[in-house]
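To keep things clear, I will list the structure first and then write my remarks on it.
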Amino acid sequence: MSDVVLELKEVTKTFGQGDTQVKALSDISFSVKRGEFLLIVGSSGSGKSTLLNMIGLLDRPTSGQVIIDGKNTTKLSDNKISEYRNSKLGFIFQFSNLMADLTVLENVMLPRSIQRKEQNSQKEAAELLRNVGLENQMHKRANKVSGGQAQRAAIARGLVNRPTIVLADEPTGNLDSVTAETIVELMKSMAKKLNQTFIIVTHDRHQFGQVDRVITIKDGRAFEGEDMPPQMELTT
Ligand SMILES: Nc1ncnc2c1ncn2[C@@H]1O[C@H](COP(=O)(O)OP(=O)(O)OP(=O)(O)O)[C@@H](O)[C@H]1O
Ligand SMILES: [Mg+2]
């Protein structure tokens, strides 16, 4: 198994046509290794969500390649691409998006039933819920837990398929700063414990403290480390 789990090659995304055309991503190339905890930062409208949608196989690039676990996904049909998405990627959203009528445990098991990998699903979902500190909440209905607890459950749900990459768009955006901090620590500890790659879009890089890598998006272009213009440090 290769150490590289994601490779972007000259990814470009253009929305619209003619006068109203917007180039949301320009020529983005980078790769990510197993276990890396990567932040994508940048101002509003810079292209962060568009980039995450490309990596998450929720949208296709106008040109360039998205290679996940060695497979060039740009060549896959729509059916194959959703299959590949379900098996390789886990998602955590800004709002936990739990199904209100199901229990916390049932919510965490959902990605497994979608994939028809139900063997041991309850046991593994319960184990993840213990890991995120919800051992006493798992049989409650999802609409009866707090926002922070719901987001913990969403993290467990994002991990239950043992995805190659977990993707999160503003996973703490809907939480107060104290709860947000515990969610950040939880994601970082799960990343270490499971050697799990996380790619997280955030407005607030400081909330995340020390992380493996930070990629800054500015006007649809990606900058990392020494490539980043120094004045950008002040604005992100
Ligand atoms: N479906 C779409 N159709 C047309 N333009 C789009 C679409 N999605 C995004 N854009 C444009 O692409 C650019 C990047 O948008 P994107 O949503 O990726 O920004 P963002 O960095 O996630 O912003 P925010 O921090 O506000 O969430 C913006 O100019 C936006 O208006
Ligand atoms: Mg966004």
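No lab work stands behind these numbers, since they all come straight from the coordinates. In this text, all values refer to a predicted model and were calculated from it rather than measured experimentally. Here Cβ is always computed from backbone atoms with ideal geometry, including for glycine, and neighbour counts include all displayed protein chains.
Using 0.36 nm per residue and subtracting the Cα-Cα separation, the extra length available between Arg213 and Asn79 on full extension is 45.0 nm. Calculated mean residue ellipticity, 222 nm, the chain: -9500 deg cm²/dmol, from DSSP H runs (n ≥ 4) at -39500 (n - 2.57) each, averaged per residue and rounded to 500. In the stretch 4-227, with Lys and Arg counted as +1 and Asp and Glu as -1 at Cβ, which of these residues, Gly220, Val41, Gln94, has the Cα nearest the positive end of the dipole, that is, farthest along it? Checking the options against the dipole of the stretch 4-227, the answer is Gln94. Placing +1 on the Cβ of every Lys and Arg and -1 on the Cβ of every Asp and Glu, with no other charges, gives the stretch 153-198 a dipole of roughly 360 debye about its Cα centre. Taking the Cα centre of the stretch 97-236 as origin and assigning +1 to Lys and Arg Cβ atoms and -1 to Asp and Glu Cβ atoms, the resulting dipole is close to 700 debye. Here the Karplus curve 6.51 cos²θ - 1.76 cosθ + 1.60, taken at θ = phi - 60°, turns the phi angles of the stretch 127-144 into couplings of 5, 5, 5, 5, 4, 9, x, 10, 4, 9, 10, 5, 9, 7, 5, 4, 7, 10 Hz, with x standing for Gly and Pro.
Cross-link reach is defined here as a Cα-Cα straight distance under 13 Å, omitting same-chain residues fewer than 8 places apart; for Lys33 the aspartates and glutamates meeting it are Asp3, Glu7, Asp69, Asp212. Using the Cβ of Arg141 as centre and a radius below 13 Å, the other residues enclosed give a net charge of 0, where K and R count +1 and D and E count -1.
For Lys33, the amide hydrogen comes within under 5 Å of the amide hydrogens of Val5, counting only partners 5 or more places away or on other chains and with H modelled in the peptide plane. DSSP beta bridges confined to the chain are antiparallel in about 55 percent of cases.
Its relative contact order, with pairs defined as Cα atoms under 8 Å and 6+ residues apart, puts the chain at 29 percent.
Charged neighbours of Leu105, selected by a Cβ distance under 15 Å, balance to +2 (K, R count +1; D, E count -1).
The lysines whose alpha-carbon is closer than 17 Å to the alpha-carbon of Lys140, local same-chain residues fewer than 8 away aside, are Lys123.
Assuming charge only on the beta carbon of Lys and Arg (+1) and of Asp and Glu (-1), the dipole of the chain about its Cα centre is about 800 debye to the nearest 20.
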